[in-house]
Amino acid sequence: MITGHEIRSRNRSATRASRLVAAGLSFLWSSIAFAEQWYFLPSFNLKTFYDDNVRLLINNPQGSFGTEAVARLAAGRATDISDVSLRAEINPKWYSEISSFDRTDARFNLASFRQLERNRIGFDARLEYESTDTSEEQTTGIVQVNKMRTRGFLNPKWRYTITERFYLNLSASYTDVSYEDVGLVPLYNYTLSRGDGGVLYRFNERLNLFTNISYEHYEAKSIDNSSDTYGVAVGADYELTQTTKVRASGGFWSSRADFPVRGGIESSDTTGMSGQIRLTKEFDVGKLILQADQGLIPSGSGSLLNNTALMFRLDYPLTPRWSLNLAARVYRNEDPGGGTNSFGRDFVRASPTLVYQLTRSLDVDLGYQYRYQDRENVAGSATSDTVFLTLRYNGRRLPAEDFVPF
């Protein structure tokens, strides 16, 4: 039976989501006013797979065949002084043996900017409705259940040109995350408000130097947990060659967390380091990306998590029609204070894929995916092996008048 509290919670989630969508659509509509011509780019994936441990369980793993479809529509308009891009995606997934894991995800992204003499004004928005079997991969690791999560994100940005080489950057963001029908699953709705400010200096054509100061407030109201975090970072973008770029930054953060204890509120102060290294190498056809990140991230655990993330991706042609794709992500989550956390964990996802180009717009992928998770407070580790075959269609870029007579 659905309780009154659950109904009110759903209504509040729906209201927050509708406000976020309205804000994004409002800005998009104002952007269309200055866009003379829009384009559309459709794409579609159809995947069939077998996963020998769908829930990523340590004991009694459950395997299943499945089918997944992804339909996307990207739209955009770019001029010398403006850019607007919109992407909508729907992603249903079905399992033959575990129907309780069937779900349909949906995502909406908007990114735009407009240049006004010395001012560059931007606005990004995202609305995501997805299952916890994917949304919790980087944070809590609770991928053993199929609960739906709604995430809204708003991000206005402003850049001011002080001189030809010196820029001031300011941005703000607001994130609202809510979960549906989690019951006793330890996932909690939360919000994150963040502000950033910094400067960028173009030292020469190949080197950019930048600084950033940030403040963010995290709050999980249902369990009275909150935190305030201040951070500072410096970094550089350097173009090693015309096809190779590196970005590196490092800094410190200081966080104060408030949480309920024995009928009262206690506080704890922690500090740590943050940083990022990213290497991008472009080939005549194909690309290599290596990235390492360290810092605090928000989560549905009711607190921030100290996260170390590694990412690797290689798209490399073997013949005119065959290419190799290698992708891997590694996460390490810890308590920001250095103690034991119920969400402390190691996670690995790696996937080699062979891609065959049938036509200019149609590819076939044959691949394998490996997942691994080891939690601090649970004995043993869980692994998953998946084999899959995917048919991918990437449509051609079409002008808007082919769809809508503006």
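The values are calculated or read from the model by the stated rules, or taken from the named source; none is laboratory data. Computed from a predicted structure; not experimentally measured. Neighbour counts are summed over all protein chains in view; Cβ atoms, including those assigned to glycine, are modelled from backbone coordinates with ideal geometry. The accessibility values were calculated without ligands, DNA or RNA, using every heavy atom of the protein model including side chains. Shrake-Rupley method; radii C 1.70, N 1.55, O 1.52, S 1.80 Å.
Things worth noting here:
- Residue selected from region 386-406 under the condition assigned to a strand (DSSP E or B) and exposed (fewer than 14 other Cβ atoms within 10 Å of the Cβ), by the criterion modelled with the lowest pLDDT: P399
- For region 253-263, the set of residues classified as open to solvent by 40 Å² or more (accessible area, probe 1.4 Å), in a strand (DSSP E or B) and out of contact with any strand residue (DSSP E or B) (no Cβ under 6 Å at 6 or more places or on another chain) consists of P260 only.
- Selection status of L154, hydrophobic (A, V, I, L, M, F, W, C), touching a Gly at 6+ places or on another chain (Cβ under 6 Å) and within 26 Å of T79 (Cβ to Cβ): no
- Annotation note: of T140, T175, the sole residue that is over 19 Å from R375 (Cα atoms), touching a residue at least 60 places away in the same chain (Cβ under 8 Å), open to solvent by less than 50 Å² (accessible area, probe 1.4 Å) and not hydrophobic (A, V, I, L, M, F, W, C) is T175.
- Qualifying residue in region 148-166 (condition: in a loop (DSSP other than H, G, I, E, B) and buried (at least 18 other Cβ atoms within 10 Å of the Cβ)): no
- Region 264-274: number of residues that are surrounded by fewer than 16 Cβ atoms within 10 Å (Cβ to Cβ) and within 19 Å of the chain's Cα centre (by Cα): 0
- Being among the β-branched types (V, I, T) and without any contact (Cβ under 8 Å) to a residue 12 or more places away in the chain is a description that does not apply to T270.
- Residue in region 201-216 that is open to solvent by less than 60 Å² (accessible area, probe 1.4 Å) and over 27 Å from F153 (Cβ atoms) present: yes
- Some residue of region 70-78 being over 24 Å from V364 (Cα atoms), open to solvent by 20 Å² or more (accessible area, probe 1.4 Å) and assigned to a strand (DSSP E or B): yes
- Selected residue (criterion: surrounded by the fewest Cβ atoms within 10 Å (Cβ to Cβ)) from residues of region 280-304 that are more than 25 Å from R345 (Cα to Cα) and hydrophobic (A, V, I, L, M, F, W, C): V285
- Every residue from region 346-385 that is open to solvent by 60 Å² or more (accessible area, probe 1.4 Å), farther than 20 Å from L305 by Cα, assigned to a loop (DSSP other than H, G, I, E, B) and of a type outside the set (K, R): L358, T359, A379
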